[in-house]
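S.K.: The structure follows.
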Amino acid sequence: MRIANLAGRLALVVDGLAVDVEQASGGLFSADPQAVYERWEDFRRWEAQAELPPGIAFDPAHLHAPAPAPRQIVAAGLNYRDHAAEAGFALPDTMPPVFTKFASSLTGPVTEVTLPPGGHTDWEIELVVVIGTRAHHVTADAAWGHVAGLTVGQDISERITQLEGPAPQFSLGKSFPGFAPTGPWLVTPDEFADPGDLELRGTVNGEQVQKSRTSDMIFSVPDLLARLSCVMPLLPGDLIFTGTPAGVGVAQNPQRQLAPGDELVSTIEGIGELRQRFVAQP
Ligand code: ZN
């Protein structure tokens, strides 16, 4: 199953066409895209037997974030060996470094992002997990059962803010407006042959800058959820950014950063793509 946030309304995406959930369910489920995660198991049961009306074609530019108002956004750093190496850090052994992207940075898949003046803005393609049912003290074996689905994310990062000062400011440097695009929709884990092994790819102006597979994570999705849930309950509709592989701009020699006019495209196999155009602050 694929669900999307089409212009602020929850939609099922069937064969590339959108079916409005509130209308198709006769009001049983609300149009609010965030509210569905509170009733995730009911929604899956309804969807499995629903007779849906024909869908309508839509413009991807009208999609918003599939989980637009999470109570928590958790992001993992250094979760791929090649990225930890390029960043010059030791591999985490019990827990990756964890930070947040503040919710005001969250957007849908096709956006224009203003570059912070004087900043060094960089890309990080990431698989994003959306929680379906509350997960607290869950085992890795049980963790996939708490996942609503997967979507594509960009952990856009302004490196000067992130790295200056006596201790790194990961959360602030990664939370400028528009720095957390997600989408284009949520895909449930059963849609993948192996939800733990998906190709991720990032391009800047058509040039490939990142390419890896989610099976290269140090802490796999279920392992990461189990470890996080030992500390904090993960709540329905929460987002987990799972880390980026090698190829970020700050690790290249010379360092690279995004410039006005650049287009960043982020693709994950079996899900879809994000498309960000960067502009200077007017
Ligand atoms: Zn990241």
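S.K.: Taking 0.36 nm per residue of sequence separation and subtracting the Cα-Cα distance, how much length would be gained by fully extending the chain between SER215 and ASP82, in nm to one decimal?
M.R.: Details: separation 133, 0.36 × 133 = 47.88 nm, distance 1.26 nm.
Contour length minus Cα-Cα distance gives 46.6 nm.
S.K.: May I pose another question? In square angstrom, what is the accessible area per residue of the chain with a 1.4 angstrom probe?
M.R.: On the way: 11860 Å² over 282 residues.
Here the residues of the chain average 42 Å² of exposed surface.
S.K.: Add +1 for every Lys or Arg and -1 for every Asp or Glu among the other residues with Cβ under 14 Å from the Cβ of VAL14, and state the total. Walk me through the numbers on the way to the answer.
M.R.: On the way: positive: ARG2; negative: ASP15, ASP20, GLU47, GLU51, GLU191.
Residues near VAL14 contribute -4 overall.
S.K.: Right, next: Find the centroid of the Cα atoms in segment 41-71 and in segment 1-31, then give the distance between the two in whole Å.
M.R.: 3
S.K.: Relative contact order of segment 2-58: what whole-number percent is it, with Cα pairs under 8 angstrom and at least 6 residues apart? Display every interim value, and only then the final one.
M.R.: Values: 70 pairs, mean separation 19.3, N = 57.
Normalised by residue count, the contact order of segment 2-58 is 34 percent.
S.K.: Still on this structure, please answer the following. Can you bin segment 153-278 into rounded, prolate or oblate? Criterion: square roots of the alpha carbon gyration tensor eigenvalues sorted a ≥ b ≥ c, rounded for a/c under 1.5, prolate for a/b above b/c, oblate for the rest.
M.R.: Values: a/c = 1.72, a/b = 1.22, b/c = 1.41.
Judged from the Cα gyration tensor, segment 153-278 comes out oblate (a/c at least 1.5, b/c at or above a/b).
S.K.: Give me the percent relative contact order of the chain, please, defined on Cα pairs under 8 angstrom at least 6 residues apart.
M.R.: On the way: 715 pairs, mean separation 70.3, N = 282.
Relative contact order, the chain: 25 percent.
S.K.: Based on Cβ point charges of +1 for Lys and Arg and -1 for Asp and Glu, what charge dipole magnitude is obtained for segment 2-58 about its Cα centre, in debye rounded to the nearest 20? If you can, show how the numbers build up before the last one.
M.R.: Values: 5 positive and 9 negative charges, 19 e Å.
About 100 debye.
S.K.: Could you give the length gained by full extension between LEU163 and LEU17, i.e. 0.36 nm per residue of separation minus their alpha carbon distance, to one decimal place? Show your work: numbers first, answer last.
M.R.: On the way: separation 146, 0.36 × 146 = 52.56 nm, distance 4.30 nm.
Contour length minus the Cα-Cα distance gives 48.3 nm.
S.K.: Taking the Cβ of ALA75 as the center, what net charge do the other residues with Cβ under 12 Å away carry, scoring Lys and Arg +1 and Asp and Glu -1? Please list the in-between numbers first.
M.R.: On the way: positive: LYS101, LYS174; negative: GLU124, GLU126, ASP155, ASP238.
Within the 12 Å Cβ shell, the charges total -2.
S.K.: About the Cα centre of segment 161-274, how large is the charge dipole given +1 on each Lys and Arg Cβ and -1 on each Asp and Glu Cβ? Please answer in debye to the nearest 20. Write out the running numbers ahead of the final one.
M.R.: Working: 6 positive and 14 negative charges, 84 e Å.
Dipole of segment 161-274, to the nearest 20 debye: 400 debye.
S.K.: Can you give me the % of accessible surface on the chain that is carbon or sulfur? Probe 1.4 Å, all protein chains present, nothing else counted. Can you show the working numbers first?
M.R.: Values: 6280 of 11860 Å².
Percent of accessible area from carbon and sulfur atoms in the chain: 53.
S.K.: Contour minus end-to-end for LEU28 and GLU199, with contour as 0.36 nm per residue of separation and end-to-end as the Cα-Cα distance? Mind showing how you got there, number by number?
M.R.: Numbers: separation 171, 0.36 × 171 = 61.56 nm, distance 3.63 nm.
Fully extending the segment from LEU28 to GLU199 adds 57.9 nm.
S.K.: Right, here's the next one. Kindly state, to the nearest 0.05, the FRET efficiency for HIS62 paired with ASP141, given R0 = 45 Å and r defined as their beta-carbon distance. Could you put the intermediate results ahead of the total?
M.R.: On the way: r = 39 Å, r/R0 = 0.87.
Using R0 = 45 Å, I get an efficiency of 0.70.
S.K.: Residues of segment 139-163 with the amide nitrogen closer than 15 Å to a label point 7 Å from the Cα of GLN255, along Cα-to-Cβ, please.
M.R.: 157-163, by backbone N distance to the label point.
The values are calculated or read from the model by the stated rules, or taken from the named source; none is laboratory data. Bear in mind the structure is a predicted one, so any value in this text is a computation, not a measurement. For neighbour counting, all protein chains shown are included, and Cβ atoms are generated from backbone atoms with ideal geometry for every residue, glycine included. Protein only, heavy atoms only, side chains kept; ligands, DNA and RNA dropped before computing areas. Shrake-Rupley method; radii C 1.70, N 1.55, O 1.52, S 1.80 Å.
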